[in-house]
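Enquirer: Got a structure for you, written out below as structure tokens; questions coming shortly.
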Amino acid sequence: MLRDVDLSGYQKITGKNVPRESMVASGHRACQGCVEVLAMGMVTRAVGKDCIVCNATGCMEIITSSFPQTAWKTPWIHVAFENAGAVASGIEAALTAMTRKGKRKGPLPTVLAFAGDGATADIGLQALSGALERGHKFIYVCLDNEAYMNTGVQRSSSTPFGATTTTSPAGKKSIGQSTRKKNLPAICAAHDIPYVATCSPAYHLDLMNKVRKAMAVDGPAYLHIYSVCPTGWGCKPEIGISLAKLAVETNVFPLYEVIGGRYNITKKVAKPKPVLDYLKVQRRFRHLAESDVAGIQKQVDDSWAYLNALAAAFPAPKEKGGAKEEE
Amino acid sequence: MGKRVGIEVSLAVAEAVKLCDVDVVSAYPITPQTHIVEELSHYVANGDLDAAFIPVESEHSAMSAAVGSSATGARTYTATSAQGLALMHEIMFIAPSMRLPIVMTIANRSLSGPISIWNDHSDIMAERDTGWIQIFCENGQESFDLTICAFRIAEDKRVLLPVGVNMDGFILTHMIEPIEFMDKAEVKAFLPDYKPQLTLNPKKPVSMGPVGVPEVYMEAKKQYEQALWDSKDVVKEVLAAWGKHTGRKYAMVECNGKKKAKTVFVTMGSLGETAMTAVDNLIAAKQDVGQVRLRLWRPFPKEEMKKALKDAAKVVVIDRALSPGGVCGPVATEIKSLFYGDKNAPKIYNIVAGLGGRDVSVKDFEEMYALAKGGKIKDDYVIWGVKSNA
């Protein structure tokens, strides 16, 4: 499952040349403090104007496209909930065939699919798997806010253990979500695609550079972006970015990339903070007992150890120049 | 008339799609559609067709990829059948609402359960109200011809709607028939290059598939229904142009048998040819009988159908699909409502026949005729040839 990946076309973003223009105009209808739309904007900044966006049904589609208004400065298409991978496949195949046949000119625009965690981990997993396996050159971005937020905070397979949602409610006989979060980056990496990465909007340069690497590789790329949802998680809308940072600092959501099967942990946390710091600021976890928190801490530690073992066994080559990321 | 070649009809359809120089084919295999898409993938592999062949992982993705491709401006084709069409159902509504001129062959097959790979029209009848232009072929030549016509209809800027070309599974798809082909230049002279109106182009950004709030939803629906009704004139025009181009003339509704016949069969699809033989036999036996073949199912050619049936006293509508718990089969429902309130309405009988590949023979039609003539069909509809009272 290892392959050499050519990243020679990678155009790095530094603090000095951060692209200013988001392709998502302001004035959209996202909730106060929505980090998902912020993350989506960061992705489009890194990609630029020459792209086609394919959006699964979900919060981002609803808040940006109420006819006759649109927040999109790039071509944008929404078809249905579970098929962003398939629609993007069709777009990429059409661009490639039409270019070959002389029906369009110029380099291929970046084909970008956005979908939430439900549209990715649950209902759209098959279409995503098909698109990755077929090797279409596109970037699939999962904006993970860990539940079906658009329909009112129902659990998905990406909801973390212990979180209360409207369909995994905590109660006398329930801890809330009783299953562990589905490991989507691992599933995508298992498709033997050139590039997989996890990103956090609290580390915007890291996020945008992962987008740039995804653009550079020849084949499908998958980005899994941690997207704080104050409405669904029950946190203060102003703490979205600091909560995203806390998720990384506690190892709840580690930042790494898988380049042709080789791992690179892009944010190594020297002294991880206790998971409790992360849990206690969110209403979705407030029912948890001390022993539950200890159990979650163990899950986080185990996952972190597993990731480190993978990174030690299959290390990614060091990036040329070795420029230090932000922070 | 050009040279006729004996060929399996599926391969003739694939040839038609190749001659139309499609840019993208997205397809998932399902019996009895397979030979069409296998042949297309061979064309692509051998360089005979310059297209992207997307071997999708399901029919839902086949239609979704077709939507993405067509929205990008590519001439796009897919084909399916039965369960596959049912899996596409959700996206079937979205393609016409986005005004995307996708062409799809439907190798008509019965829907499960019980699972059956054989022919009837239950698959397409479940998609009746999706907003597609729906054409039915009667034989192999029609399947070849109407596939080419479908692209010209779909892509006409007065239409911009997807077209489903129905052909009976196995009965047509797997039959070897003599078919008159055309060369690329002849097809090119008939089918202009596709000039899409709006595409996903970064130089001219548009948003496709936005949210339709209650204030705009009905207007959007009305617009595309209007486009569907308006497409009827284009269908007529394209069929006429085809007749001129090839000498093979088709109409949305066609009559056969005795003029002003007292008893008239209405059929759709390949049963038309069986009925034709039965009608010929009955006329030879001095019976007053005729036949109407319905080629365009959506938009329904109301005026043409009413005109075709205006002199009939008895109409026997054959449905190859059951509408369980309904008043009668889908085609008969249309024809009954067409004559509602009409003082001169004929007596309309409905026979549901040939489900799940059950053979409907010339003899069956002759028996149906005898029952109708004798006024012996009492129920709203009869399910033909069921072996017990079960």
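Enquirer: FRET efficiency for B:Lys203 and A:Gln11, Cβ-Cβ distance as r, R0 = 25 Å, nearest 0.05?
Expert: Details: r = 21 Å, r/R0 = 0.86.
With a Förster radius of 25 Å, E is 0.70.
Enquirer: What is the antiparallel percent of DSSP beta bridges lying wholly in chain B, to the nearest 5?
Expert: Values: 13 of 49 bridges.
Close to 25 percent.
Enquirer: On to the next question. For every other residue with a beta carbon closer than 14 angstrom to the beta carbon of A:Met1, add +1 if it is Lys or Arg and -1 if Asp or Glu, then tell me the sum.
Expert: Values: positive: A:Arg3, A:Arg262; negative: A:Asp4, A:Glu133, A:Asp192.
Net of charged neighbours comes to -1.
Enquirer: Moving on. What is the pair-distance distribution P(r) of the range B:1-158, computed from all Cα-Cα distances in 10 Å bins starting at 0, with each bin given as a whole percent?
Expert: 11, 43, 37, 8, 0
Enquirer: What fraction, in whole percent, of alpha-carbon pairs in the range B:253-383 exceed 17 Å separation? Don't jump to the answer; show the numbers that get you there.
Expert: Numbers: 4552 of 8515 pairs.
Across the range B:253-383, Cα pairs with separations above 17 Å total 53 percent.
Enquirer: Additional query: Can you check how the C-alpha radius of gyration of the range A:35-313 compares to 2.2 N^0.38 Å, as a plain ratio? Don't skip to the end; give the middle numbers.
Expert: Values: Rg = 18.6 Å, N = 279, 2.2 N^0.38 = 18.7 Å.
Ratio of Rg to 2.2 N^0.38 Å for the range A:35-313: 0.99.
Enquirer: Obtain the nm distance between the two label points defined at B:Val213 and B:Lys195 by a simple spin-label model: each point lies 7 Å from its Cα along the Cα-to-C-beta direction.
Expert: Distance between the two pseudo-spin positions: 3.6 nm.
Enquirer: Which listed residue (B:Trp118, B:Ile335, B:Pro101) has the Cα farthest towards the positive end of the charge dipole for chain B, taking +1 on Lys and Arg C-beta and -1 on Asp and Glu C-beta about the Cα centre?
Expert: Positive-most Cα among the choices belongs to B:Ile335.
Enquirer: While we're here: Hey, got the dipole for chain B? About the Cα centre, +1 on K and R Cβ, -1 on D and E Cβ, debye to the nearest 20? Don't jump to the answer; show the numbers that get you there.
Expert: Values: 45 positive and 48 negative charges, 309 e Å.
Roughly 1480 debye, rounded to the nearest 20.
Enquirer: Further question: Peptide A:125-137: average number of partner chain Cβ atoms within 10 Å per residue?
Expert: Values: counts 0, 4, 7, 1, 1, 9, 5, 0, 2, 6, 0, 3, 0.
Mean partner shielding for this stretch: 3.
Enquirer: Separate question: Return the Rg/Rh ratio of the range A:1-104 with Cα-based radii and a Kirkwood Rh.
Expert: Numbers: Rg = 16.1 Å, Rh = 15.9 Å.
In the range A:1-104, Rg relative to Rh is 1.01.
Enquirer: Over what distance in Å are the Cα centres of the range A:242-301 and the range A:149-181 separated?
Expert: Using only Cα atoms to place each centre, the spacing works out to 18 Å.
Enquirer: Which of A:Leu255, A:Leu310, A:Leu132 ends up with the largest GNM mean-square fluctuation for chain A, with Cα atoms connected below 10 Å?
Expert: Residue with maximal mean-square fluctuation among A:Leu255, A:Leu310, A:Leu132: A:Leu310.
Enquirer: To continue, here is another question. D for the protein assembly as shown, whole µm²/s, Stokes-Einstein with Kirkwood Rh over alpha-carbon pairs at 10 °C and 1.306 mPa s: what number?
Expert: On the way: Rh = 27.8 Å.
After rounding, the answer is 57 µm²/s.
Enquirer: Can I ask one more? Evaluate the Debye formula for the range A:83-198 with equal point scatterers sitting on the alpha carbons, no solvent, and hand back log10 of I(q)/I(0) at q = 0.11, 0.15, 0.18 Å⁻¹, in q order, two decimals.
Expert: -0.44, -0.70, -0.90
Enquirer: What nm distance separates the two modelled labels at B:Asp129 and A:Gln154, each placed 7 Å from Cα along Cα→Cβ?
Expert: About 2.3 nm, to one decimal.
Enquirer: Which percent of the Cα-Cα distances in the range A:227-322 go past 22 Å? Could the numbers behind the result be given before it?
Expert: Details: 1749 of 4560 pairs.
Result: 38 percent of Cα pairs exceed 22 Å.
Enquirer: Another question, if that's okay. Find how much the distance from A:Phe67 to A:Thr167 grows on full extension, using 0.36 nm per residue of separation minus their present alpha carbon separation; answer in nm with one decimal. Present the calculation step by step, with values, prior to reporting the outcome.
Expert: Values: separation 100, 0.36 × 100 = 36.00 nm, distance 3.09 nm.
This chain segment gains 32.9 nm when fully extended.
Enquirer: Starting from 0.36 nm per residue, how many nanometres of slack lie between A:Ala289 and A:Ala186 once their C-alpha separation is accounted for? Don't skip to the end; give the middle numbers.
Expert: Working: separation 103, 0.36 × 103 = 37.08 nm, distance 3.00 nm.
My answer for the length gained is 34.1 nm.
Enquirer: Now for a separate question. Across chain B, how large is the tail of the calculated P(r) beyond 30 Å, expressed as a percent of all Cα pairs? Walk me through the numbers before you get to the answer.
Expert: On the way: 29078 of 75855 pairs.
Beyond 30 Å sits 38 percent of the P(r) for chain B.
Enquirer: Between B:Lys343 and B:Glu367, what length in nm is gained on full extension when 0.36 nm per residue of separation is reduced by their alpha carbon distance? Provide the component values of the computation, followed by the final result.
Expert: Working: separation 24, 0.36 × 24 = 8.64 nm, distance 2.85 nm.
Gain on extension, B:Lys343 to B:Glu367, equals 5.8 nm.
Enquirer: Let me ask another. Placing +1 on the Cβ of each Lys and Arg and -1 on the Cβ of each Asp and Glu in the range B:253-383, which of B:Ile383, B:Leu282, B:Gly269 has its Cα farthest towards the positive end of the resulting dipole?
Expert: Of the listed residues, the answer is B:Leu282.
Enquirer: How big is the gap, in Å, between the Cα center of the range A:1-39 and the Cα center of the range B:166-206?
Expert: Here the answer is 40 Å between Cα centres.
Enquirer: Hey, can you rank B:125-133, B:35-43, B:199-207 by average C-beta count inside 10 Å, highest first?
Expert: On the way: B:125-133: 19.8, B:35-43: 21.3, B:199-207: 17.3.
Put in order of decreasing packing, that is B:35-43, B:125-133, B:199-207.
Enquirer: Which residues in the range A:260-284 have a backbone N closer than 17 Å to a point placed 7 Å from the Cα of A:Ala313 along the Cα-to-Cβ line?
Expert: Within reach of a label on A:Ala313, which here means backbone N under 17 Å from a point 7 Å along Cα→Cβ, the range A:260-284 contributes A:260-265.
Enquirer: Taking the alpha carbon gyration tensor of the range B:318-390, what are the square roots of 5 times its eigenvalues, largest first, to the nearest whole Å? Mind dumping the intermediate values first?
Expert: Details: eigenvalues 92, 47, 24 Å².
Semi-axis lengths for the range B:318-390 are 21, 15, 11 Å.
Enquirer: Let me spell out the model: positive unit charges on the Cβ of Lys and Arg, negative unit charges on the Cβ of Asp and Glu, origin at the Cα centre of the range B:253-383. What dipole size does that give, in debye rounded to 20? Intermediate results must be reported in sequence, preceding the final value.
Expert: Details: 22 positive and 16 negative charges, 91 e Å.
Taking the Cα centre of the range B:253-383 as origin, the dipole is about 440 debye.
Bear in mind that the values in this text are calculations on the coordinates, not laboratory data. All values derive from a computational prediction rather than experimental measurement. When we count neighbours, we look across all protein chains shown, and the Cβ atoms used for this are built from the backbone with ideal geometry, even at glycine.
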